[in-house]
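> Attaching a single structure in structure tokens format; questions to follow.
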Amino acid sequence: MVSPESGQLEDAKDLILNKIRIRRETDKLLSPYWAAAPVVGIIISIILIILSTIFHFQSLQHAIIIGIASYVISIALLVYPLFHLIKRRTVHFKRDSELRRGILQFLRAKAEEKDFGNMDSNISAMKLISEISTIKMMHIRSDEEEDEKPAALWTILSFLVPFSMIYVLYFLTKDPQNHDQRQVSFYKQVKTTASRLDMEIEVSDRRQIEKRSFALYFIVSMITFGLFQVYWYYQLITDFNRHFKAQWEVEDQIVSSLEA
């Protein structure tokens, strides 16, 4: 007969492995070259306008075609990287929440299986309970801070509603930084708790995303008439790319521990 703890353990393990298995679908590694897409769109539009002047397109029809083509290309190259930056933030946070929940359930079930027969073991049990409670609080706090931002909605709003783009750039800058810091703390605690349950998980104490000042980036972007946004987009892309790769290494450690 399978004990309730064993059933909970297997359910938690399945949840963990499933969320790790889909990471390539949620944690998209974007090419840094997409940072230059908005500028490329502007350049292409200028070239089209110059070509229309050189070839003396005098008819209204030609002017309309050139105008529409310039607008569509510019918007497309602005929308694509922005949409995917927002989307991967949201889907990564969602996957990460489920993964944390699975890890919490697994550690809790593993602790319930452990035999605490003497006074020293009872002290260890109390420490273990306290640590699992800490992990739970970290998980709850992350869920509270990492709300869902529908990519399509916020991409549309950023172009239609005044000042929405400023807010989008704000949460794309700040949310990954805060998430990265919380993840470092979370997995350090998981490592400590797992070691009490005879599981070895190696994690890095180093943050993958540096703290960046949104106010500074915004001011410099205004001063440079938006050109600084190329560098800003570059950082937004590469910061989360590094975070994903570092987290995958931790997840591989977790898989090895589960299969040991």
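> Rounded to the nearest 0.05, what FRET efficiency is calculated for E145 and I43 with R0 set to 41 Å and r the Cβ-Cβ distance?
0.60
> Using alpha-carbon pairs under 8 Å, 6+ residues apart, how would you state the relative contact order of segment 111-209 in percent?
Numbers: 49 pairs, mean separation 28.7, N = 99.
Once divided by the residue count of segment 111-209, the mean separation gives 29 percent.
> For I129 and R21, compute 0.36 nm times the residue count separating them, minus their Cα-Cα distance, and round to one decimal in nm.
Values: separation 108, 0.36 × 108 = 38.88 nm, distance 2.91 nm.
So the extension gain works out to 36.0 nm.
> Starting from segment 121-203, pick out the chymotrypsin sites (Phe, Trp or Tyr not before Pro) whose DSSP state is loop and whose Cβ has at most 14 other Cβ atoms within 10 Å.
F163
> Label-point separation (nm) for L216 and M137, each offset 7 Å from Cα along Cα-to-Cβ?
3.2 nm
> Right, here's the next one. Based on the Cα gyration tensor of segment 80-215, what are the three equivalent ellipsoid semi-axes, each the root of five times an eigenvalue, rounded to whole Å and given largest first?
They are 38, 14, 11 Å, listed from largest to smallest.
> Take L227 and S195, extend 7 Å from each Cα along the Cα→Cβ direction, and tell me the distance between the two endpoints in nm.
Between L227 and S195, the label points sit 5.1 nm apart.
> Separate question: Residue by residue through segment 78-88, which ³J(HN,Hα) values in whole Hz follow from phi under the Karplus form 6.51 cos²θ - 1.76 cosθ + 1.60 (θ = phi - 60°), with glycine and proline marked x?
Values, residue by residue: 7, 6, 4, x, 5, 4, 6, 5, 5, 4, 5 Hz.
> Using only alpha carbon pairs under 8 Å that are at least six residues apart, calculate the relative contact order of the chain and give it in whole percent.
Relative contact order for the chain comes out at 27 percent.
> In nm, give the distance between the simple-model label positions of E112 and E249, each being 7 Å from the Cα along the Cα-to-Cβ direction.
Reported label-point gap for E112 and E249 is 3.5 nm.
> Taking a label point 7 Å from the Cα of Q181 along the Cα→Cβ vector, which residues of segment 191-221 have an amide N closer than 11 Å to it?
Under cut-off, by backbone N: 210-212.
> Using 18 Å as the Cα-Cα cut-off, could you pick out the over-long pairs in K94/K136; K19/K188; K13/K127; K19/K127?
K19/K188; K13/K127; K19/K127
> Run the helix sum for the chain: -39,500 (n - 2.57) per DSSP H stretch of 4+ residues, divided by residue count, reported at 222 nm to the nearest 500 deg cm²/dmol.
Numbers: 9 runs with 205 residues, N = 260.
Mean residue ellipticity, 222 nm, calculated: -27500 deg cm²/dmol.
Each reported figure results from applying straightforward, stated rules to the coordinates on display, with no laboratory input. Fair warning: this is a prediction, and the values are worked out from it, not measured in the lab. Don't worry about glycine lacking a Cβ; one is built from the backbone with ideal geometry, like all the others, and counts go over all protein chains shown.
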